[in-house]
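> Got a structure for you, questions after.
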Amino acid sequence: MDSVTFDNFNRQTHNQNKIINHMQQKIMLLLFFITATASFSQGTSFAEPLKEKFTLSGTISDARTNETLIGVNIFIPETKTGITTNEYGFYSITLPKGTYNIQISYMGYETVEETISLTKDIKKNLALTETGQQLDEVVINTEKTATNIRKPEMSVNKLSIGTIKKIPVVLGEVDVIKALLTLPGVTNAGEGQSGFNVRGGGADQNLILLDEATIFNSSHVFGFFSVFNPDAIKDLKLYKGGIPARFGGRVSSVLDIYQKDGNSNKFSMNGGIGIVSSRLLAEGPIVKERGSFLFAGRASYAHLFLKLSDNKNSAYFYDLNTKMNYKLNQNNNLFLSGYFGRDVFSLNNSFVNTYGNATLNLRWNHLYSDKLFSNLSVIYSDYYYGLDLNLLGFLWNSGIKNYNIKYDLKHYVTDKIKLNYGVSGIYYNFNPGTIEPSDATSGINYKQLEKKYAFEPSLYIDAEQKVTKELSLSYGLRYSQFYRLGSSTVNLYQDNQAVVFNHELQIYEKGTPIGTKYYSHNKVIESFDNLEPRFAASYQLDENQSVKASYNRMTQYLQLISNTASPTPLDVWTPSDQYIKPQIADQVALGYFRNFRDDKYSLEVETFYKKVKNRIDYIDGADLIANEAIEQVILNGEMRAYGLEVLLRKNTGKLNGWISYTLSKSQQRTPGRDATETGINNGSWYNSGYDKLHNLSVTSSYNFNPKWTFGANFVLQSGQPVTYPNGQYEYGGITIPSYGLRNGDRLPAYHHLDLSATYTPKPNKKKGWQSEWVFSLYNVYGRKNAASISFRQNVDTGANEAIRLSIFGVVPGVSYNFKF
């Protein structure tokens with residue numbers, strides 16, 4: 001080994017040792033916290049009469065498919081305590097010796113009651129049977145609602161797939177993301193816009209997980225459809241606040257989705273044929289009752305009709321979901337799951353945009369004891385974004401990859417306390433852009449924008465504790481670190497400012513580098529670390545109502561650089577560094593929850609306040625495409641959001657559904673870095689692009705008879721903030737518009753009414769070929785919602801005029817669903 005290589009090796013080893021030592025110090029701190037928490041939880045029992053205790057544990061699954069069920073409620077009336085199954089269907093509860101009446105309930109399944117004599121540790125696996133009428137899947141039974149009243153969990157929404165399938169959507173395609181938009185605090189950025197916004201945050205501030213793997217873009221065809229095939233989904237939960245410590249990396253919300261495991265009892269298939277796409281799912285046993293597989297495919301074909309009319313434009317998508325699992329023995333299970341999806345958008349073959357996600361996850365579940373459950377996951381996630389610009393003679397591609405290893409443990413310490421703790425490490429590979437010639441005749445030279453690398457380790461501890469009959473707590477701590485790593489050449493700037501302020505013109509301009517510095521492979525360029533506390537409390541006023549409060553701090557080390565003004569938003573993710581600081585959010589929430597009329601109705605009212613530091617903002621005239629020095633057009637600002645959310649649900653009867661309303665405000669500000677600078681928008685607060693003052697949604701389903709079910713959905717939102725020109729001037733014979741303050745105007749209000757009807761020819765048929773027809777009508781009264789408004793000069797009259805771009809009018813849809 002030569003001296004230069006040896007020196008580089010020593011420097012890398014020194015940096016890695018610093019990281020390891022720093023992590024060890026924090027691990028010791030959290031281990032102390034874990035020990036103290038466990039000791040405290042054990043100590044609370046000393047004040048009670050010493051009783052012999054035993055543990056009841058096991059898994060709960062579907063009797064037909066043997067699919068494990070997430071969030072099943074196990075309630076013990078004698079002690080008025082309960083627990084829910086975890087993400088793998090496992091439960092554990094420790095009780096004093098005695099005889100108990102155990103009630104097991106789950107949405108869409110028959111409630112099971114069983115008497116158990118607990119004189120020793122018992123492992124009991126249970127299978128639940130679906131209700132006779134699956135149209136009742138939206139019904140929330142008494143035990144489940146009562147458990148939610150007691151649980152210190154708020155700002156969380158869960159929708160069953162059965163409920164989602166009844167919500168009318170555009171072109172009749174069942175859509176997970178569109179269903180989320182009917183919930184309080186959740187909006188879209190506008191007609192045809194991708195992603196979703198939670199409590200005034202950006203789409204990039206949502207952590208979206210599919211079987212624990214990160215999905216960086218949740219939309220197909222630029223927001224018309226979501227990437228989630230509803231046939232393959234088992235469970236989904238949206239956390240808007242009170243987020244558990246096991247989640248990190250985003251500052252607005254967490255959408256946690258799990259795929260089905262597959263039917264381990266028998267082979268079956270189901271699918272659907274629609275106007276624009278079709279889907280097919282196959283599942284069955286690898287070894288009966290021990291292992292299973294699932295494959296689900298979906299593809300659109302509307303572009304084929306364009307080709308029949310000699311239209312060379314095209315837009316289509318396809319995706320594949322797959323999962324396999326195998327039970328090694330009673331204490332060990334293996335899972336392998338994956339997702340692959342692509343979108344292709346083409347304009348006359350001169351412009352082709354291809355993008356999509358790919359994930360892979362290998363998991364090992366191990367049961368150390370009837371009180372300690374563990375899960376080890378090795379995860380790969382990739383987001384690709386490519387452009388083929390034949391017109392200009394070059395290809396562009398960019399993306400982000402991450403490699404994640406995480407180990408989580410769930411410790412059911414006593415009947416009053418449960419601990420969750422674990423560690424994870426994520427390695428990132430960012431490709432900001434690769435440019436290459438499209439063919440040999442192109443005059444474009446190959447160019448690779450410098451790739452970026454980062455490492456994000458973290459560890460956490462969460463405790464859920466029942467303090468008294470009325471008071472339950474959830475509290476935890478997450479410690480995260482982030483290291484921006486080489487190899488990379490970094491620009492150096494005067495006074496470390498990549499953006500400079502021109503005092504004469506009163507504008508921000510790109511800074512000029514005064515030099516560069518090269519960091520070798522894995523050398524730390526910049527590092528951050530943050531403690532992220534979480535806390536939630538629930539106080540039960542009586543059997544039917546409670547008040548809850550929560551606080552959480554979240555840190556986001558990744559930033560999305562997006563040119564939302566282009567027809568195909570250019571998404572480039574970049575890590576935090578010495579110029580782009582990590583976003584840090586603090587959110588508090590207070591809520592009132594009540595069930596009344598024998599749980600026929602439920603009411604949830606929440607108010608929240610959220611503040612985010614280091615939210616990036618772009619200087620005027622920022623150039624984002626192929627920018628090798630993105631720090632020259634970005635300033636670190638702040639944002640805030642606050643509001644009131646109301647959700648009223650009707651849970652039982654032929655007519656059920658919910659009304660949600662949100663009154664909220666979302667603003668952003670980037671003040672000057674000192675008294676001589678104006679900042680963005682004169683340093684004043686201005687409406688963020690996601691601000692929706694009013695957001696009303698009415699969603700209902702009516703079970704007319706066993707053959708016919710009808711659905712309706714009405715949405716009303718304030719218009720999206722925009723910046724209109726407030727004047728014009730002429731320069732060199734050209735008319736140039738002038739603009740006022742940012743986002744000072746709004747698009748017209750957004751609203752539409754959608755209807756659907758589902759016809760099941762043979763509702764009582766449970767074997768063989770089963771089918772249903774779904775008819776839908778989107779935007780019944782033909783509202784021309786504005787996706788954007790542009791301004792131009794009329795060539796005939798010379799007058800200025802505004803042009804509204806609307807995407808949808810009335811859209812009918814029909815699909816045929818089947819299973820066998």
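> If you line up the long axis of helix 3-43 against the longest principal axis of the chain, both from Cα atoms, how many degrees apart are they, to the nearest 10?
40 degrees
> At a 10 angstrom cut-off on C-beta neighbours, averaged per residue, how do the peptides 242-251, 60-69 rank from highest to lowest?
242-251, 60-69
> At a probe radius of 1.4 Å, what is the per-residue accessible area of residue 617, in Å² to the nearest 10?
We get 10 Å² for residue 617.
> Plugging the Kirkwood radius over Cα pairs into Stokes-Einstein for the range 708-820, at a temperature of 20 °C and a viscosity of 1.002 mPa s, what D comes out in µm²/s?
Using the Kirkwood radius from Cα pairs, D works out to 118 µm²/s.
> What does the charge count around residue 492 come to, taking other residues whose C-beta lies under 12 Å from its C-beta (Lys +1, Arg +1, Asp -1, Glu -1)?
-1
> Follow-up question, since we're still on this one. Which aspartates and glutamates does residue 517 reach when only Cα atoms under 20 Å apart count, and residues fewer than 8 places away in its own chain are ignored?
Residue 517 reaches 7, 450, 495, 526, 577, 628, 631.
> Still on this structure: If we restrict to alpha carbons, what Rg and Dmax does the range 577-673 come to, in Å?
20.8, 62
> For the chain, go through all pairs of different Cα atoms, get the mean of 1/r, take its inverse, and jot down that Kirkwood value in Å.
28.6 Å
> Here is a further query. Just to make sure I understand: if all protein chains stay in place, what is the order of 373, 596 by accessible area at 1.4 Å, largest first?
Result of the area sort, largest leading: 596, 373.
> When the gyration tensor of the range 488-556 is built from Cα positions, what are the square roots of 5 times its three eigenvalues, in whole Å, from largest to smallest?
48, 22, 7
> Let me ask something else about it. Tell me, what is the Rg over Rh of the range 304-398, with Rh the Kirkwood radius over Cα pairs?
That ratio is 1.27, to two decimals.
> Let me confirm the definition first: pairs of Lys residues in the range 334-447, 8 or more apart or on different chains, C-alpha distance under 24 Å. How many are there?
Taking the Cα cut-off of 24 Å, the pair count is 7.
> Please give the solvent-accessible surface of residue 753 in Å², to the nearest 10, using a probe radius of 1.4 Å with every protein chain present.
50 Å²
> So what is the 222 nm mean residue ellipticity for the chain from helices alone, if each DSSP H run of at least 4 adds -39500 (n - 2.57) and you divide by all residues, rounding to the nearest 500 deg cm²/dmol?
Rounded to the nearest 500, it is -2500 deg cm²/dmol.
> Which order do 450, 504 take by accessible area at a 1.4 Å probe, largest first?
Ranked from most to least accessible, the order is 504, 450.
> Using only the heavy atoms of the protein chains and a 1.4 Å probe, how would 731, 421 rank by accessible area, largest first?
If we order 731, 421 from most to least accessible, we get 731, 421.
> Please give me the summed charge of the neighbours of residue 359: other residues whose Cβ is under 10 Å from its Cβ, Lys and Arg +1, Asp and Glu -1.
That works out to -3.
> On to the next question. Excluding residue 699 itself, calculate the net charge of residues whose Cβ lies under 13 Å from the Cβ of residue 699, where each Lys or Arg counts +1 and each Asp or Glu counts -1.
+4
The values are calculated or read from the model by the stated rules, or taken from the named source; none is laboratory data. Nothing here was measured: the structure is a model prediction, and the numbers come from that model. When we count neighbours, we look across all protein chains shown, and the Cβ atoms used for this are built from the backbone with ideal geometry, even at glycine. Heavy atoms of the whole protein, side chains included, go into the accessibility calculation; ligands, DNA and RNA do not. Shrake-Rupley method; radii C 1.70, N 1.55, O 1.52, S 1.80 Å.
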